[in-house]
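To start, the structure itself, in structure tokens.
The values are calculated or read from the model by the stated rules, or taken from the named source; none is laboratory data. This is a predicted model, so every value here is computed, not measured. Don't worry about glycine lacking a Cβ; one is built from the backbone with ideal geometry, like all the others, and counts go over all protein chains shown. Ligands, DNA and RNA are stripped out before the accessible areas are found, and what is left, the full protein with its side chains, is counted by its heavy atoms. Shrake-Rupley method; radii C 1.70, N 1.55, O 1.52, S 1.80 Å.
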Amino acid sequence: MSTEASPDANPDVAPVSSADFEPVTPPDRDVRAQADARQRDLTKPAGSLGRLEALAGWASACQGVCPPHAFTRPRVVVFAGDHGIARNGVSAYPPEVTAQMVANFLGGGAAVNVLAEVAGATVRVVDIAVDGDTDPSVSNHKVRRSSGSIDREDAMSNEETLKAIAAGRAIADEEIDGGADLLIAGDMGIGNTTPATVLIAALTDSEPVAVVGRGTGIDDAGWIRKTAAIRDALRRARPHVRDTVALLRTSSGADLAAMAGFLAQAASRRTPVILDGVVVTAAAMVADELAFGAREWWVAGHRSTEPAHTIALTRMGLDPIVEFDMRLGEGSGAVTALPILQGAVAILSKMATFSEAGVSTQGSAPADEPESIDLTKTDTAE
């Protein structure tokens, strides 16, 4: 593969000299303790609202205040890009759908647009590597057209990889500086579950047959082709698992690299994120390598039907908020979970305490009862 930048790359997206991020400051643990204490003083049996209590504690710690306030500017950013591997018949849809869907996002006609409107979020789409021309309003961060077919060549050059990470960082800064207080990354790209699965398999040392899913709904023959492509791509990926930039260059795509930069920068800037499906979660695994501790700023919105998604969530110790057998991407699963997070915040901030309501606490749990269940199954601070 050529190491020259794509002729369609945006020259204004400058490469960065390094993809290094500073270690991430975790959400405020003292505030989390205050939130847990307040939960025990609300007019309900301790722990009776289950994970809603843990979600509220996480939100409070991320905001650094107890009680927390409702998220007023949740923002979805859909990263669009094409993938050379799609030409190998690993998807049920042709590659030209990516550009068509970008136009659909702009017109407000996609599932994520509808779900976001219901949830009180807004949607932005960015063309990072669509193999075609898109509206200038979404292509100012474009790195290249499509990517190499990762079963036989690198996804992009080293320079393009750094440009993509820089683009993701810049997009996160734009959204946070614009007032976003909660971010959701979405994906759009025919064939993108293949590089996502390769990244997850490489980082978790998993075999192809354990991670390959149906993506957009491929038949058995398509699944066999996809498994073979992932097998071959994994052979190329595994020598680079300890070099994050090299792994992205070899086995991802500019859209996935940009998502990784976006998620790492959001955590660096102390902005909470709801993760979506397998593609975004693959980028999140890489982002946690780029910015150690980033995962503490994330919750998993849902669990998709892709086997690799469960493997990635388990590795990062993230427990999904909902499980609705969704596999669309776009940020749709994360947006579906958003009202539940908002409800959890409202409970902690608006529900009366025993003393405020004049409700007796006789026989209630003691004040030193262990804090409510965590959002994760494992200690994410390791």
Check your understanding: So, counting K/R as plus one and D/E as minus one, what does the shell of residues with Cβ under 11 Å around ARG75 add up to?
Key -> -1
Practice item. Please get the size of the charge dipole for the chain, origin at its Cα centre, with Cβ charges of +1 on Lys and Arg and -1 on Asp and Glu, quoted in debye to the nearest 20. Key: 400
Practice item. Could you give the size of the charge dipole of the range 63-177 about its Cα centre, using +1 on the Cβ of each K and R and -1 on the Cβ of each D and E, expressed in debye and rounded to the nearest 20? Key: 220
Review point. Looking at ALA308, PHE292, THR271, which one has the Cα that reaches farthest to the positive end of the dipole of the chain (charges on Cβ: Lys, Arg +1; Asp, Glu -1)?
Key: ALA308
Point to revise | Two-decimal Rg/Rh across the range 62-212, once Rg and the Kirkwood Rh are taken from alpha-carbon atoms | key: 1.00
Review point. Can you give the relative contact order of the chain as a percent, counting alpha carbon pairs under 8 Å and 6+ residues apart?
Key: 26
Point to revise | Within the chain, longest stretch clear of exposed trypsin sites (Lys or Arg not before Pro) (DSSP loop, no more than 13 other Cβ within 10 Å) | key: 1-241
Point to revise | Accessible area in square angstrom per residue, the chain, 1.4 angstrom probe | key: 39
Revision key, fill the gap. Counting as exposed only chymotrypsin sites (Phe, Trp or Tyr not before Pro) in DSSP loop states with no more than 16 other Cβ atoms inside 10 Å, the longest exposed-site-free span of the chain is 1-291
**Study point:** Percent accessible area from carbon and sulfur atoms, the range 133-225, protein chains only, probe 1.4 Å
**Key:** 47
Exercise for review: Give me the Debye-computed log₁₀ of I(q)/I(0) at q = 0.13, 0.15, 0.21, 0.26 Å⁻¹ for the range 287-362, equal point scatterers on Cα only, no solvent, two decimals.
Suggested key: -0.55, -0.66, -0.97, -1.23
